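Only one structure is covered here, and it is reproduced in the block below.
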Amino acid sequence: MKTYNTGDFHGQAAVVLLKKVLCIFLILNAGLQLSTLAQSSVKPVVDDVLMPVLSLRLDGYLAGKLEGSLNNRILTQDVGRLIEPFKAENRTETLYWQSEFWGKWFTSAVLAYQYHPDARLKKVLDAAANDLLSTQTPDGYIGNYAAANRLQRWDIWGRKYSMLGLLAYYELTKDNSMLTGAMGVADNLLNDLKQQDRIIVTKGNYKGMAASSVLEPICLLYKYTGKKKYLDFAEEIVRQWEIPEGPQLLSKAKVNVSERFPKPKNWYSAEQGQKAYEMMSCYEGLLELYRLTGNVKYKQAVEDVWTNIRNTEINIAGSGASTEMWFNGKEHQHLPVHHYQETCVAVTWLKLTNQLLRLTGESKYADEAEVVYYNALLAAMSANGAVWAKYTPLNGQRLPGNEQCGMGLNCCDASGPRGLFNFPQHLVMERSDGLQVNHFAGGEYLANSPKGQKISIIQNTDYPQSGDIQLSLKLAKVEEFTMYLRVPEWSRQTKISVNGVELDNLVPGRAVPVKRMWKSGDLISLNLDMRGRVVETGTKVQSTAIMRGPIVLARDSRFEGMGLEAVVKPMVDKDGYIELIRHVAKPEEYFMSFSARFIPESYTEKPGGTINITLCDYASAGNGAVKSFYKVWTPQLFNPQKIHSSVVSY
């Protein structure tokens, strides 16, 4: 029979009691700390002009694309495979970027849930977030790099995406464990840098842009916690941008993005300063820092570089970059371009543009966002939303991207939906003095009025198939506020009426403000100019393309009797527009399709008559069951008798 020493028994009881007290203390203290964190958020110095509406419900074309991505891409993801690289036994990486995939997929999924709160998705999100947190080491690290290789290559980039995912879920759920986890990652990064040389811009590739794009979640951490060390770190990152080894993102903001540094010997290297995606990610972070500090030089730098990218790089479909770098691409867009317009570039250009739209309310940003969304972005997504192309040529074939890093998907499969679900929250937005309609999509939008009452805005339209839009308002009480209605830059003949009374002084590229006493049942009608526009580019040899509204049109070998290589000249009217005859929709084949008259090269002394050629929307071109070839740009005959003195450039 076992006997117990009384002293031992009391000693053991004391230990147990002490452990219980300590456990209770830690729980209470942790709760106090988390409660303090939640109450320590910082109000930005600069508020956005535009704010999201309370909710929205879309119908029609965009709703179908979003649902397809949710059901066939986001919800089908093997999340366990995304978590595997973070587990202790797999922290052996020295080179690759497996650690970005969880964050890209997760932030896409959070945006999808915000658009469509789906119980299935919420369950997946909860498990995915907690599974990631379960891999966090005692020192706060979440990543897959070997201990000796931390801070190298894509390590900090991966940490950034983990923080962005956790912070996105904190903002959605207010679950403090997400915030605490993100703080642990940030604190570990600060400690790792301290143990080395404290210089972040010498870590990894691309002049430190991949690593220092961590600026964005660091700014968000300061916003959510008020801890000054995060603001100090953010300012230090920006200071380091300007050291000789850095990317000079402030001082070179007005320098062409393709010409900031000499061409490196190794294209994908630390010396490469023209990396498009990472560069724009840094500028996204700089806008977050501007909101927190009000330092106008930060905002000016982003506005300058945005203008430069639009003017020198962005093509007719709204995106750009070759082999992932800026290359003065706008003037080369009609040529066969190697690895053209990576989907991650299109997504980040859209996100940066929408940041500026929210911040300023200026319609020029909505104009650009609409083009990249309907063309480059939707073109990269397969018809059912399951896969994404990594590169998407303007003339060629649309093919899915290759698997990367043994993860079963590539970066654009993970990132494409981030752009897809970023767009809806910018369709209709709140302002302090009213509401702003940036884009036109059928559905219902629920918003707060300036006085706090709920307003329902119902859009009835099949835009962009037609340019006819009707907005009807529902509100309990009559209220005076301003409705800002975007007039697209391309719409040269626009009609807008309120309850049948037509407005005047409409300026393309600006939002028209309509201030009045609004009541339930008020009806706003818009008619936009959907004539076919001929776009030209090139110098000695011109190429032409056709746009209708925001939509780029393309020839597709599925519909071609002439053959894609036939030289044809668009037949325009006296005002320079081309007549487009709309076909009956065939959703299983294309979103929209038109016939247009062209003049073919007859190779005889006397030209023959015109011919009809079928054009479809660029997003549908080559995107059917058969991977057909397509063409946006059609080269025109070079005639030495006619040297163009001026060229209209898109």
Only residues in region 159-171 that are closer than 18 Å to residue 91 by Cβ count as the first member; pair them with residues that are outside any helix (DSSP H, G or I) and not hydroxyl-bearing (Ser, Thr, Tyr), Cβ under 7 angstrom, at least 6 apart or cross-chain, and list the lot.
159/142; 159/143; 159/214; 160/214; 162/142
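Going by the structure shown, is residue 49 in a loop (DSSP other than H, G, I, E, B) and modelled with pLDDT under 95?
Numbers: in a loop (DSSP other than H, G, I, E, B): yes; modelled with pLDDT under 95: no.
Here the answer is no, as residue 49 does not meet what is asked.
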Out of all the residues in region 227-238, is one or more among the hydroxyl-bearing types (Ser, Thr, Tyr) and under 21 Å from the mean Cα position of the chain (by Cα)?
no
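So which residues in region 478-506 are more than 20 Å from residue 463 (Cβ to Cβ) and not in a strand (DSSP E or B)?
If we filter region 478-506 for residues that are more than 20 Å from residue 463 (Cβ to Cβ), which is where we start, we get 478-482, 499-501, 504-505.
478, 499, 500, 504, 505 - these are the residues of region 478-506 that are more than 20 Å from residue 463 (Cβ to Cβ) and not in a strand (DSSP E or B).
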Subset of region 287-321 (residues that are crowded, with 22+ Cβ neighbours inside 10 Å and among the β-branched types (Val, Ile, Thr))
302, 305, 309, 314, 316
Residues being in contact (Cβ under 8 Å) with a residue 60 or more places away in the chain and assigned to a strand (DSSP E or B): count how many of those fall in region 583-613.
2
The correct count of residues that are over 21 Å from residue 555 (Cβ atoms) and either among the aromatic types (Phe, Trp, Tyr) or not in a loop (DSSP other than H, G, I, E, B) (or both) in region 382-424 is 14
Please state which one of 333, 341 is more than 30 Å from residue 75 (Cα to Cα) and crowded, with 23+ Cβ neighbours inside 10 Å.
333
In region 249-272, the residues that are of a type in the set (Phe, Trp, Tyr) and touching a strand residue (DSSP E or B) at 6+ places or on another chain (Cβ under 8 Å)
267
Among (1) in a loop (DSSP other than H, G, I, E, B); (2) under 16 Å from the mean Cα position of the chain (by Cα); (3) over 21 Å from residue 70 (Cα atoms), there is one condition residue 358 misses while meeting the rest; what is its number?
(1)
Out of the residues in region 68-87 that are in a helix (DSSP H, G or I) and of a type in the set (A, V, I, L, M, F, W, C), which is farthest from residue 135 (Cα to Cα)?
70
Take the residues of region 536-563 that are in contact with a Phe, Trp or Tyr (Cβ under 6 Å, 6 or more places away or on another chain) and either surrounded by fewer than 19 Cβ atoms within 10 Å (Cβ to Cβ) or at pLDDT below 90 (or both): which is nearest to residue 612 (Cα to Cα)?
557
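The values are calculated or read from the model by the stated rules, or taken from the named source; none is laboratory data. Small disclaimer: the values here were computed from a predicted structure and weren't measured. We place every Cβ from the backbone using ideal geometry, glycine too, and count neighbours over all the protein chains shown.
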